[in-house]
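Notes follow once the structure below has been shown.
The values are calculated or read from the model by the stated rules, or taken from the named source; none is laboratory data. Treat the numbers as computed from the prediction; the structure is a model and nothing was measured. All Cβ positions, even for glycine, are placed from backbone atoms using ideal geometry, and neighbour counts span all protein chains on display.
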């Protein structure tokens, strides 16, 4: 039997299959299917929704899984498995029965690593290590961007701009690029953090390079440049893909602008200036809700943009900004990406204040101070599952809640992982800032010491 596999196009050609003559066509097709499964796929991955990208399939923090816990009858999770890792801000990605994460080691040499583990038991499958000296990077606790997995390939982007395309099965490098060297990145103070996005045959990155290379699109199979556009320096927010007026629109938030680009050519469809008054801390991912896009920054408040349904145009609905980081208006997010439900915005303000805003005005409906301790940059990651909101706070607790205009209703919370001090030594306890991944009715989360898996099935 000769099986040819093109790992780029996931195309499988069966040149010759020898087996006893079987008259039944349906039975023949079944045997072919089983042979492909055996020789190409190996063991089937666990069943259930996966988490192959930053914040899930559509980068919207939604986990479409049934049969998961709706309340906790315990105060601390029983950990299914734990494996040691080094420091890093990047959250785990889970696909095909595997977990991908990146980290940084400083002894005996400065390196970044891309690690792949078995999602069922935590056994290491492969690791790629490469030299990476951090130059001019604040909070140097490790890589920021999550690994992106699609089809047979996996992509990683490091803090200094090291980009790799892997064969996800064995970790072989299909191509790699030093984006810092090639594009002369004007390195942000916290390094490259924006997770790249895969659109059709391209991987698109916000890197803040020179010569109009603020945003760059590469051929995902070869790494060759397809287009570049914008003179902007890089922010930290991940791009998202939306549909407007029947076309795909790539939404990017750089250090200076919010723009809608043609993912095929890089052409600017529309753009809004969003220059920082201090320094850019635009980390939160753009949030799409109906035909609105919401953005929130630590120093520079929030802006709501309406997308024209008929034309590739957009307009500002409202923009609100407080006097400073303590005297805020509407919402000044840092690490946390807000959530929009039923025409209300929910997000964590600059010092951990959980707030609800009216979508169309930005007016505050309520504020709650119980979900996370009040501290500068205090963080909660939101993941929506049906009508329940899973909230992972920086204390390492997972909370099940319901959010509505009437208030914050906490159902239960339990300790999931112990915070560590490498990223931020908050009162000797530290923080848990990485975003969790949810797949196969389990939650996967990392600290600067370990990657763990816990069961969430009912």
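Residues checked against (1) over 23 Å from residue 105 (Cβ atoms); (2) touching a strand residue (DSSP E or B) at 6+ places or on another chain (Cβ under 9 Å); (3) touching a residue at least 40 places away in the same chain (Cβ under 8 Å):
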| residue | (1), (2), (3) |
| --- | --- |
| 397 | yes, yes, no |
| 401 | yes, yes, no |
| 414 | yes, yes, yes |
| 437 | no, yes, yes |
| 458 | yes, yes, yes |
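Please find, within the stretch 367-377, the residue that is farthest from residue 341 (Cα to Cα) out of those that are surrounded by 15 or more Cβ atoms within 10 Å (Cβ to Cβ) and touching a strand residue (DSSP E or B) at 6+ places or on another chain (Cβ under 7 Å). Among those that are surrounded by 15 or more Cβ atoms within 10 Å (Cβ to Cβ) and touching a strand residue (DSSP E or B) at 6+ places or on another chain (Cβ under 7 Å), it is 372. Go over the candidates 194, 156 one by one and state the one that is under 19 Å from the mean Cα position of the chain (by Cα) and assigned to a loop (DSSP other than H, G, I, E, B). Result: 194 is the single residue among 194, 156 that is under 19 Å from the mean Cα position of the chain (by Cα) and assigned to a loop (DSSP other than H, G, I, E, B). Residues in the stretch 83-109 that are more than 14 Å from residue 150 (Cα to Cα), out of contact with any strand residue (DSSP E or B) (no Cβ under 7 Å at 6 or more places or on another chain) and surrounded by fewer than 24 Cβ atoms within 10 Å (Cβ to Cβ): 106, 107, 108. Residue 337: within 21 Å of the chain's Cα centre (by Cα), more than 17 Å from residue 298 (Cβ to Cβ), touching a residue at least 12 places away in the same chain (Cβ under 8 Å) and surrounded by 18 or more Cβ atoms within 10 Å (Cβ to Cβ), yes or no? No, not satisfied.
Listed by position, the strands (runs of 3 or more DSSP E) contained in the stretch 49-109 that have at least 1 residues being in the same structural domain as residue 251 (by TED's automatic domain parsing), under 15 Å from residue 449 (Cβ atoms) and within 14 Å of the chain's Cα centre (by Cα) are 98-105.
Exactly one residue among 394, 410 is crowded, with 22+ Cβ neighbours inside 10 Å and closer than 23 Å to residue 334 by Cβ, and that residue is 394. Residue under question is residue 206, and the condition is that it be in a loop (DSSP other than H, G, I, E, B) and assigned by TED's automatic domain parsing to the domain that holds residue 114; does it hold? Answer is no for this residue.
Within the stretch 209-238, being outside any strand (DSSP E or B) and closer than 17 Å to residue 258 by Cα holds for 212, 230, 231, 232, 233, 234, 235, 236, 237, 238. The number of residues in the stretch 373-385 being outside any loop (DSSP other than H, G, I, E, B) and under 19 Å from residue 407 (Cβ atoms) comes to 3.
Condition test on residue 153, is it crowded, with 19+ Cβ neighbours inside 10 Å, touching a helix residue (DSSP H, G or I) at 6+ places or on another chain (Cβ under 9 Å) and touching a residue at least 40 places away in the same chain (Cβ under 8 Å)? Answer is no for this residue. Checking each residue in the stretch 244-262 for being crowded, with 21+ Cβ neighbours inside 10 Å and under 17 Å from residue 313 (Cα atoms) picks out 244, 249, 250, 251, 252, 253, 258, 259, 260, 261. Of all the residues in the stretch 386-439, those that are under 22 Å from residue 193 (Cα atoms), in a strand (DSSP E or B) and either more than 18 Å from the chain's Cα centre (by Cα) or not assigned by TED's automatic domain parsing to the domain that holds residue 99 (or both) number 2. Among the residues of the stretch 260-270, are any within 21 Å of the chain's Cα centre (by Cα) and part of a strand (DSSP E or B)? Yes, the stretch 260-270 has at least one match. Looking only at residues of the stretch 314-328 that are in a loop (DSSP other than H, G, I, E, B) and within 27 Å of the chain's Cα centre (by Cα), we find that the one that is nearest to residue 250 (Cα to Cα) is 321.
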